[in-house]
Protein chains: 2
Amino acid sequence: MEVFEAARTLLAVREYQDKPIPPETRRRIVEAAHLNASSMNRQPWHFIAIDDRDTLRQLGSIAQSGPYIARAPFAVVVCIEDSRFAVSDASRAAQSMMLTAWSEGIGSNWAGFGGLGGAKAILGIPDNSNILCIIPFGYPARRVGKGKKERKPLGEVVSRNRYGQPFA
Amino acid sequence: MEVFEAARTLLAVREYQDKPIPPETRRRIVEAAHLNASSMNRQPWHFIAIDDRDTLRQLGSIAQSGPYIARAPFAVVVCIEDSRFAVSDASRAAQSMMLTAWSEGIGSNWAGFGGLGGAKAILGIPDNSNILCIIPFGYPARRVGKGKKERKPLGEVVSRNRYGQPFA
């Protein structure tokens, strides 16, 4: 799938088929994150690739914003160092994973922003590392629309040359 | 270009040919950001698409981390609301723009993290909005390598099922 097509159509998917993701696809997903650029090439991240059913169930049971993690065949936990660059760098890596998966017919969703504290103990994450998000991946249980999205009009969020000047 | 190929090979490009980016390509780049997902669909962002030579020169002269903006034919200034979600959401949108451009042969680089204060006045950005980054885009002045990157070994930044457990 072409990149713009993937970016244009990418949707959050929270219901997955009971179907494993092939190992080579899982590897491409984590490689897309591993190879991403970062501020001063610091790579302030660690990715835990989870395909163990029981661990996924445990994560789903503690993640306030992501109970559906329990029913995903695969997830990546994105851990970051405590630095002002790390949130940006790792969010970009997360986006590369989600787009790579989407282009192979795999949906995902960003679960994060609080309520993930319990996951550190489950996964043995060291004290100096924090969870930015957990991204469950899976083949969509239902057919997903093609790029129909509720968004503010382009003219409201895009300007040309100066804030508030019409883009087109 | 396939998404994984784009994610795998994406490199920072800071030297650009003196060649404009076609309007339809500029539009795809900003659409990739406009259509991106965000926490609770808040879309806490504003994108200023800049193709005015003089404005690009001014931005290059004030951006401590990005003097090369002055020589780019195009740039997008990513503005965000002051919320804990906005940095993640807008970083993901930025990544979609950079990958979309890259797949069409256009390089870019993230210039940000301080030193951009002066840009708010130049661009008329309101007080309640902040600049996350400026991303200049352009056709690379030199041939870029294909995926040769200095990265930590995969085994150091990726675990399987538990932090520190070998991925493969």
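Results, tabulated for the structure shown:
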item: Theoretical FRET efficiency, 1/(1+(r/R0)^6), r = Cβ-Cβ of B:ARG142 and B:SER83, R0 30 Å, to 0.05; result: 0.15
item: Heavy-atom accessible surface that B and A bury in contact, both chains counted, 1.4 Å, Å² to 100; result: 6400
item: Teacher prompt: B:ASN41 distances to equivalent labels in other copies, 7 Å Cα→Cβ, nm; result: 4.2
item: Pairwise centroid distance, computed over Cα atoms, of segment A:92-122 with segment A:127-156, Å; result: 9
item: For segment A:81-122: rounded, prolate or oblate by the Cα gyration tensor [a/c cutoff 1.5]; result: oblate
item: For the protein assembly as shown, average projected area of the Cα convex hull in nm²; result: 15.3
item: Interface residues in segment A:86-100 - accessible area drops by 20 Å² or more relative to the isolated chain, probe 1.4 Å; result: A:VAL87, A:SER88, A:SER91, A:ARG92, A:GLN95, A:SER96, A:LEU99, A:THR100
item: Ratio of Rg to Rh over chain A (Cα coordinates, Kirkwood Rh, two decimals); result: 1.00
item: With at most 16 neighbouring Cβ atoms within 10 Å, loop trypsin sites (Lys or Arg not before Pro) (DSSP) excluded, longest segment of chain B; result: B:85-141
item: For segment A:86-96, Karplus couplings with θ = phi - 60° (6.51, -1.76, 1.60), whole Hz, Gly/Pro x; result: 5, 4, 5, 4, 6, 5, 5, 5, 4, 4, 4
item: Cα gyration tensor category, rounded, prolate or oblate, for segment A:1-99 with a/c compared to 1.5; result: oblate
item: Inter-copy separations for A:GLU15, label at 7 Å along Cα-Cβ, nm, ascending; result: 5.4
item: Amide proton proximity set for B:CYS133, modelled H, under 5 Å, gap of 5+; result: B:VAL78
item: Relative contact order computed over chain A (Cα-Cα under 8 Å; 6+ residues apart), in percent; result: 30
item: Accessible area per residue, Å², segment A:1-133 with all protein chains present, probe 1.4 Å; result: 36
item: Accessible area of the protein assembly as shown belonging to carbon and sulfur atoms, whole % at 1.4 Å probe; result: 48
item: At least 30 Å² accessible surface lost relative to isolated chain, residues of segment A:1-39 (1.4 Å probe); result: A:MET1, A:GLU2, A:VAL3, A:PHE4, A:ALA7, A:ARG27, A:ARG28, A:VAL30, A:HIS34, A:LEU35
item: Gaussian network model of chain B, Cα within-10 Å springs - most flexible of B:GLU31, B:GLU156, B:GLU15; result: B:GLU156
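The values are calculated or read from the model by the stated rules, or taken from the named source; none is laboratory data. Treat the numbers as computed from the prediction; the structure is a model and nothing was measured. Cβ coordinates were reconstructed from backbone atoms using ideal geometry, including for glycine residues, and neighbour counts include every protein chain displayed. What goes into the accessible areas is simple: the full protein's heavy atoms, side chains included, and nothing from ligands, DNA or RNA. Shrake-Rupley method; radii C 1.70, N 1.55, O 1.52, S 1.80 Å.
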